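Single-structure report; data block below.
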Amino acid sequence: MNTILQIHFTEGNGDILVFLTGQDEIEDLEEMLNERMESFPPTVDKLMICPIYAALPSSAQMKVFEKTPPKHRKVVLATNIAETSVTIEGIKFVVDTGFVKIRKYVASKSLETLVVTPVSKSSALQRSGRAGRQSSGKCFRLYTDDDFNSLELFMTPEILRVNLANVILQLKALNVANISQFGFVDPPKPEVINDSVDILQAVNALDEKLDLTEHGREMVELPLDPIFSHLLLLSLEEKFNCSEQILTIISILSSENFFYVPKDQKNNLSKVLLKFKFPNSDLLTKLYILNKFLLSKNRNDFCKENYINKKSIKKALMVRQQLAGYLDDIKQQRKKLDKATDEPMKKTKRDYTSANIYSYSPSVDFDWERVSRCLAAGLSLKIAKLNSLGSYTLRSGQTANIHPESIVFYSRSKPEYLIYNEVVITTKTYLRDVSEVNATQSSKEM
């Protein structure tokens, strides 16, 4: 904050772009700047503070492109979305904190997390290039020359910091026999490959000989993480028969930031969660909310009243529409095989751009116990057990807490077992999108 105020009081005209790591950091800085602005002398220009990050509604994001009014200086608080994705006119000063939040996979713990890490030199140069694109400008780096010189030239390639299960599944579908000998441009470590193979075997995509199973061949047809492909195919089984609900849940998880709650209204989120609460399950609660959204008479009002990010819901429905098409192709292929015919299946060409994403018929009346059992079976690799300290222990041995935005966070007693969607590391290690599973469902997995 001090650097921003220093620029405002000592530098000439021009707007300021500040690179931060995430929504929480942006909201904290926005609040501090607003408080400090109250003590500005009458002769000093005011600050027009404009946050921009992925979870922000589109209407709020557009504020950064508005013309700066007289007697004001625009201050854009952004994640790395402003590094290459957008160009904001009028920026003459850049403040680079030197950090970025990325996804990273830790093979030794079979754990994918969101972590804050130093930027690369190329990213730092890209950020400085945002200053003065229309005239001369300045970049203020909040780190030393030695720190800059010690940065990696480029960010670690994604293939070296993510779970390779889907990559290996696709290579197996292409009849690559020995994955470890495949000519990767950036060869991953053997332990990462081995861990990904273990995951594929656990979800029955590969057999003991590391050959593709029939289940694995169907998983290849789905553009999902193998764990979620496995879950979606399980939902077709007669004992579950809940593919409509699982389709929606996976689609919701594919789009981040289901809720958007302004910082000064964070306490109201618990009221919304409790209003739509499903028994100790974020996944079923969000499914229920999305269906209520579709059934509501005024969807815009529904989103405003319940802090729902409409942009996220729209993305989820688009993903759902596409996944439903892929799943229909798999069902048709199964029917062809049942008829024992060699006639090739004709895949339907689907125009997702023109179809109505709101067209499917939702229902708030479904067998939630059956859906819960399917989730427990399909996400058995993402299971955590309550420990003596009141936190949860994952299969890898990592400990984590329930995220405050979870409905389970407000339960009077903590469930003994949970399944979760992702692990986020901020001030603590948190589990997001959790659901309770009973001891019978989880006993084989811990």
Sequence-distant residues sharing a close amide H with ILE308 (under 5 Å, placed H): TYR260
Point-charge dipole on Cβ atoms (K/R +1, D/E -1) for region 2-156, about Cα centre, debye to 20: 460
Candidates per trypsin sites (Lys or Arg not before Pro) in region 7-78, loop by DSSP, up to 11 other Cβ within 10 Å: LYS67, LYS71
Of all DSSP beta bridges in the chain, antiparallel share, percent nearest 5: 50
Cleavage-rule hits (chymotrypsin sites (Phe, Trp or Tyr not before Pro)) in region 72-173: DSSP loop, at most 10 neighbouring Cβ within 10 angstrom: PHE154
Two-decimal log10 I(q)/I(0) for region 368-439, as the Debye equation yields it once each C-alpha is a single scatterer, q = 0.20, 0.22, 0.28 Å⁻¹: -0.79, -0.96, -1.49
Relative contact order [Cα under 8 Å, 6+ residues apart], region 11-144, whole percent: 30
Leading residue at positive end of dipole, the chain (Cβ point charges), from TYR430, ASN291, VAL319: ASN291
Relative contact order computed over region 253-309 (Cα-Cα under 8 Å; 6+ residues apart), in percent: 46
Listed pairs LYS286/LYS314; LYS101/LYS311; LYS46/LYS101; LYS46/LYS315 exceeding 25 Å between Cα atoms: LYS46/LYS101; LYS46/LYS315
Table column - 3J(HN,Hα) (Hz), region 50-66, Karplus curve with 6.51, -1.76, 1.60, x for Gly and Pro: 10, x, 8, 7, 4, 6, 5, x, 4, 4, 6, 5, 5, 4, 5, 9, 6
Long-range HN-HN contacts of LEU111 with modeled amide H, under 5 Å: VAL106
In Hz, Karplus ³J(HN,Hα) per residue of region 391-407 (6.51, -1.76, 1.60; θ = phi - 60°; x = Gly, Pro): 9, 10, 9, 7, 4, 6, x, 5, 9, 7, 10, 6, 5, x, 8, 8, 5
Trypsin sites (Lys or Arg not before Pro) lying in DSSP loop within region 141-233, provided at most 15 other Cβ fall within 10 Å: LYS209
Amide proton proximity set for LEU20, modelled H, under 5 Å, gap of 5+: ALA78, THR79
Taking the chain and dividing mean pair separation by its residue count, relative contact order in percent (alpha carbons under 8 Å, at least six apart): 13
Cα centre as origin, Lys/Arg/Asp/Glu Cβ charges: region 365-446 dipole, Debye: 320
Set of aspartates and glutamates near LYS138 by C-alpha distance (under 13 Å), chain-local residues within fewer than 8 positions excluded: GLU11, ASP15, ASP96
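Here, each number is a calculation from the coordinates, and none is a lab measurement. It should be emphasised that the depicted structure is a prediction, and the values quoted were computed from it without experimental measurement. A quick note on method: Cβ atoms are made from the backbone with ideal geometry, for glycine too, and the neighbour counts reach across all protein chains shown.
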